[in-house]
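A.B. asks: Okay, here's the structure, questions in a sec.
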Amino acid sequence: MPFNFTEAEPPVSISKRVYEIRAFLLFLVSVLMLAALPLRAGTKIVHRWVLTDQPMPQLQKILVIGVLENYLIRQELEDEMERLLAKSGVQGIRSHMVLPPRNELMEGELKERIKENDFDGVLVIRPKAMRKETKEVVTSLGARFYMPPAAYYNFWPYWNMAWGQAYPTSSSVKEYTYVSTEFNLYNTKDEKLLWSGETESAYSKNFGKLAREYARALVTQLKKDKVIGTK
């Protein structure tokens, strides 16, 4: 009875296997490096100042005033500040619920309202500037593998080496809008500044998301600076 033997495949050279692995690793590292590029956060605090030459007063009740022409953004921001401050044991009071419209509010009336409601502090949030920035955005990645020479004296070893490289195949230019906003927290007892700074936010038409990101950044920093939550 005849025996059928399958033809054995020639062994893969060690150099070829090594270069194939190297090619894959180079491609993987390139992709991971692109993935690890830092993304711009929605809101970040770029400058801040904290009172240090005297004890920080206990702030249990803070009036939050968003100086914003857009009433919807103002309401979203103040609502979110109230919610997050409550988690730190501080009562945040939304100005749009207790103060009249800006064009009807006089300085004397504001002082009287603050006195009547026994606020410990007033946090004023006011947009300062807006800037636009353009960036090149890679829309896809391509991987190209080519075979470098394994030895200069023979053509065939050339095909036993592999080399990989990842590169962008297309890109587009995208415009981003950033809003600079300042915040100032005052002690109502002596009207002195307790906490101040400036933030930068990536503008979004999703006002709810924008307000949540901004409020989260402020309250997180308030706690880090031990302005609140120090019981």
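The values are calculated or read from the model by the stated rules, or taken from the named source; none is laboratory data. Predicted model, so just to flag it, every value in this text is computed and none were measured. Virtual Cβ from ideal backbone geometry, glycine too; neighbours counted across all protein chains shown. Surface accessibility is based on the protein's heavy atoms, side chains included, excluding ligands, DNA and RNA. Shrake-Rupley method; radii C 1.70, N 1.55, O 1.52, S 1.80 Å.
A.B. asks: Name every residue in region 92-111 that is in contact with a Leu (Cβ under 7 Å, 6 or more places away or on another chain) and under 10 Å from residue 64 (Cα atoms), in order of residue number.
C.D. replies: 92, 93, 95
A.B. asks: Take residue 143 and decide whether it is at pLDDT 80 or above and farther than 20 Å from residue 192 by Cα. Show your work before the answer.
C.D. replies: Working: at pLDDT 80 or above: no; farther than 20 Å from residue 192 by Cα: yes.
Answer is no for this residue.
A.B. asks: Another question about this same structure. Scanning for something modelled with pLDDT of 85 or more, open to solvent by 30 Å² or more (accessible area, probe 1.4 Å) and either within 20 Å of residue 216 (Cβ to Cβ) or part of a loop (DSSP other than H, G, I, E, B) (or both), does region 104-112 turn up at least one residue?
C.D. replies: No, there is no match, as no residue in region 104-112 is modelled with pLDDT of 85 or more, open to solvent by 30 Å² or more (accessible area, probe 1.4 Å) and either within 20 Å of residue 216 (Cβ to Cβ) or part of a loop (DSSP other than H, G, I, E, B) (or both).
A.B. asks: Additional query: Can you tell which of 98, 29, 50 is modelled with pLDDT of 55 or more and under 26 Å from the mean Cα position of the chain (by Cα)?
C.D. replies: On the way: 98 fails: under 26 Å from the mean Cα position of the chain (by Cα); 29 fails: modelled with pLDDT of 55 or more.
Being modelled with pLDDT of 55 or more and under 26 Å from the mean Cα position of the chain (by Cα) holds for just one of 98, 29, 50, which is 50.
A.B. asks: Quickly run through region 45-97 and pick out the residues that are open to solvent by 70 Å² or more (accessible area, probe 1.4 Å), touching a helix residue (DSSP H, G or I) at 6+ places or on another chain (Cβ under 7 Å) and basic (Lys, Arg).
C.D. replies: Answer for region 45-97, where residues must be open to solvent by 70 Å² or more (accessible area, probe 1.4 Å), touching a helix residue (DSSP H, G or I) at 6+ places or on another chain (Cβ under 7 Å) and basic (Lys, Arg): just 48.
A.B. asks: Is it true that some residue in region 169-177 is of a type in the set (D, E, K, R), farther than 30 Å from residue 89 by Cα and either open to solvent by less than 80 Å² (accessible area, probe 1.4 Å) or modelled with pLDDT under 55 (or both)?
C.D. replies: Checked region 169-177: no residue is of a type in the set (D, E, K, R), farther than 30 Å from residue 89 by Cα and either open to solvent by less than 80 Å² (accessible area, probe 1.4 Å) or modelled with pLDDT under 55 (or both).
A.B. asks: Then there is this: Quick one: is residue 210 at pLDDT 90 or above and open to solvent by less than 40 Å² (accessible area, probe 1.4 Å)? Spell out the reasoning first.
C.D. replies: Working: at pLDDT 90 or above: no; open to solvent by less than 40 Å² (accessible area, probe 1.4 Å): yes.
Criteria not met by residue 210.
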